[in-house]
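Trainee: Before anything else, here's the structure in question.
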Amino acid sequence: MALLKYNGEWLQERRGGLIGAILNSVVARNEQGSRVARRGRRFPRNLLKPSFFRWLLLLLAVLFFCVFATFVLKLLSNGNEEEKHLPLSGEVLEQVSSYDAPLTRPKSKRRKQHFPCEVGLAAAVDNILEPKNYMNFTQFSLEYVEREVNPHANSPQSRFGGYQTLNERKKSFLARNQTIRCGFVKGMSRLSSPGFELSENDKAYMNTCRVAVSSCIFGSSDFLRRPTSRLISEFSKKNVCFVMFVDEQTLSKLSSEGHTPDEKGHVGLWKIVVVRNLPYLDMRKTGKVPKFLSHRLFPSSRYSIWLDSKMRLNTDPMLIIEFFLWRMRAEYAISNHYDRHCVWEEVLQNKRLNKYNHTAIDEQFLFYQSDGLRKFNPSDPNTPLPSYVPEGSFIIRAHTPMSNLFSCLWFNEVDRFTSRDQLSFAYTYLKLTRMNPDKPFHLNMFKDCERRALAKLFRHRLLSSPPPP
């Protein structure tokens, strides 16, 4: 048994018991008596086992994975921010903006959504045939004024629509053999040009068309959207003219985006036709020339389809003609507006969205009211149309005398008043039918959801420009 000195006294060391545990935990002070050190404890044996190292490695691996995942997510986030500044292709940029745009437009109410519906088209082009005597509509002869003859119109500048008097305007609504103004009117000077000039090669090509699908882009206002080739039959690819009218500015812009015409002037199915010397400063009004006057641009064509540049054709044009014209026994087809049906509502909406000069809209609207335009009444069984406001981005027509006359009259209203053609549609149709009660005009106004089934809708490239002064 050993002795242990504690506080100057020698004591026997005891290995067991509480006192022994206390004494074993004390170490003698040094000569100055300044520190007391405890006996060191043993290192835990559990830390030396292999299982501990495995758990330690697992913990380090989890921590490393968390740090790495955080770094990757941050890197991807930075990449998405940088992608906003990358030069995207036209249609990709457009589709991205179409999803982002609603978030940047605060509105008081939620925007109503509209969807396509089923259209009972024929299964294939091989299964359709033009009905016998289909073109047996109202018959008369139309000629067009080529050069201005009014002595009071002795202006140094020609006017594309000519100088039509109010009396001439009234008589032009009669469905009879006559010569009317319908665009392309040259001035009294032999050197004057009405505008909308095309090359002789393009004129020769368009003169061969029997069925035409046309659209236009002026002022680089839109992207080029090619018809979906896989949905167009080989028959239509060979027998239908797909013509896109552009100005030189648009041609340059499209070429810079990779849409360069080939040696025959085609980009996909579109035949690019360049228009020079545009007839109007307002590009929207210039766009009404190919929209309404297809019977003048394609003089040999029996049928034509117009679609706005914001649309991509997803349906065979011959199937469209068969369903909306042949099957319905119609010579003109256009869809109703998706939201509005009364001209009064359309006037308010145009002014609310600042679509055109308000004074010009008021002048046109007051003129129409004074000439008999009334509000649309959906409960009236004698209402001649399901809507007085069309969605004019898609028009199907047979080039019959009545259809051609209506197209000229509608264009003349746009030429005389504002370029907002939805304001003048009902007035033109109602006045034409009122002045020719024994000569029916077979117009098929179909549903807007059917229009959406024929073509895919996009947004225009640019925001709306300020209204004309």
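The values are calculated or read from the model by the stated rules, or taken from the named source; none is laboratory data. Please read these numbers as outputs of a predicted model, since none were measured by experiment. Please note: Cβ atoms are built from the backbone with ideal geometry, for glycine as well, and neighbour counts cover all protein chains shown. Ligands, DNA and RNA are stripped out before the accessible areas are found, and what is left, the full protein with its side chains, is counted by its heavy atoms. Shrake-Rupley method; radii C 1.70, N 1.55, O 1.52, S 1.80 Å.
Trainee: I'd like to check something: does segment 372-390 contain any residue that is part of a strand (DSSP E or B), surrounded by 14 or more Cβ atoms within 10 Å (Cβ to Cβ) and at pLDDT 95 or above? Walk me through it before giving the result.
Mentor: Just the residues of segment 372-390 that are part of a strand (DSSP E or B), to begin with: 390.
Within this subset, residues satisfying the condition of being surrounded by 14 or more Cβ atoms within 10 Å (Cβ to Cβ) are 390.
Imposing the further condition that a residue be at pLDDT 95 or above reduces the set to 390.
The answer is yes, given that some residue of segment 372-390 is part of a strand (DSSP E or B), surrounded by 14 or more Cβ atoms within 10 Å (Cβ to Cβ) and at pLDDT 95 or above.
Trainee: Here's another thing I want to ask about it. Residues being closer than 19 Å to His399 by Cα, polar (S, T, N, Q) and outside any strand (DSSP E or B): count how many of those fall in segment 209-257.
Mentor: Within segment 209-257, the first condition is being closer than 19 Å to His399 by Cα, and the residues that meet it are 209-215, 236, 239-243.
If we keep only those that are polar (S, T, N, Q) too, we end up with 214-215, 236, 239.
Next, from what is left, pick out any that are outside any strand (DSSP E or B): 236, 239.
Adding up the residues that qualify gives 2.
Trainee: In addition: Taking into account only those residues within segment 410-430 that are farther than 14 Å from Gln364 by Cβ and out of contact with any strand residue (DSSP E or B) (no Cβ under 8 Å at 6 or more places or on another chain), which is surrounded by the fewest Cβ atoms within 10 Å (Cβ to Cβ)? Let's see the steps before the verdict.
Mentor: From segment 410-430, those farther than 14 Å from Gln364 by Cβ are 411, 429-430; that's our starting set.
Still in the running and out of contact with any strand residue (DSSP E or B) (no Cβ under 8 Å at 6 or more places or on another chain): 411, 430.
Working: Phe411: 25, Leu430: 18.
Filtering segment 410-430 for residues that are farther than 14 Å from Gln364 by Cβ and out of contact with any strand residue (DSSP E or B) (no Cβ under 8 Å at 6 or more places or on another chain), the one surrounded by the fewest Cβ atoms within 10 Å (Cβ to Cβ) comes out as Leu430.
Trainee: To continue, here is another question. If a residue counts only when it is in contact with a strand residue (DSSP E or B) (Cβ under 6 Å, 6 or more places away or on another chain) and modelled with pLDDT of 95 or more, which helices (runs of 4 or more DSSP H) contained entirely in segment 273-367 have at least 1 such residues? Working first, answer last.
Mentor: Numbers: elements: 283-292, 294-297, 317-321, 343-352.
The qualifying helices (runs of 4 or more DSSP H) are 283-292, 294-297, 317-321.
Let's see how each residue does on (1) touching a helix residue (DSSP H, G or I) at 6+ places or on another chain (Cβ under 7 Å); (2) open to solvent by less than 30 Å² (accessible area, probe 1.4 Å):
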site: Pro194; (1), (2): no, yes
site: Phe223; (1), (2): yes, yes
site: Leu254; (1), (2): no, yes
site: Lys264; (1), (2): no, no
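Trainee: Sticking with this one: Being under 18 Å from Ser215 (Cα atoms) and either open to solvent by 20 Å² or more (accessible area, probe 1.4 Å) or hydrophobic (A, V, I, L, M, F, W, C) (or both) is the filter here, so list the residues in segment 391-403 that pass it.
Mentor: Selection gives Phe394, Ile395, Ile396, Ala398, His399.
Trainee: Considering only segment 208-219, I want to know if a residue exists there that is under 20 Å from Asp282 (Cα atoms) and surrounded by fewer than 24 Cβ atoms within 10 Å (Cβ to Cβ).
Mentor: Yes.
Trainee: Contact list please: Cβ distance under 9 Å, first residue in segment 245-265 and on the phi > 0 side of the Ramachandran plot, second residue part of a loop (DSSP other than H, G, I, E, B) and modelled with pLDDT under 95, pairs at least six apart or on different chains.
Mentor: So the pair list comes out as Gly258/Ser89.
Trainee: Checking the conditions here, which among Arg312, Arg327 is without any contact (Cβ under 8 Å) to a residue 12 or more places away in the chain and either surrounded by fewer than 20 Cβ atoms within 10 Å (Cβ to Cβ) or of a type outside the set (S, T, N, Q) (or both)? Give the derivation first.
Mentor: Details: Arg312 fails: without any contact (Cβ under 8 Å) to a residue 12 or more places away in the chain.
Just one listed residue meets the conditions, Arg327.
Trainee: For Phe292, state whether it is in contact with a Ser or Thr (Cβ under 8 Å, 6 or more places away or on another chain), open to solvent by less than 30 Å² (accessible area, probe 1.4 Å) and aromatic (Phe, Trp, Tyr).
Mentor: Working: in contact with a Ser or Thr (Cβ under 8 Å, 6 or more places away or on another chain): yes; open to solvent by less than 30 Å² (accessible area, probe 1.4 Å): yes; aromatic (Phe, Trp, Tyr): yes.
Judged against the criteria, Phe292 is a match.
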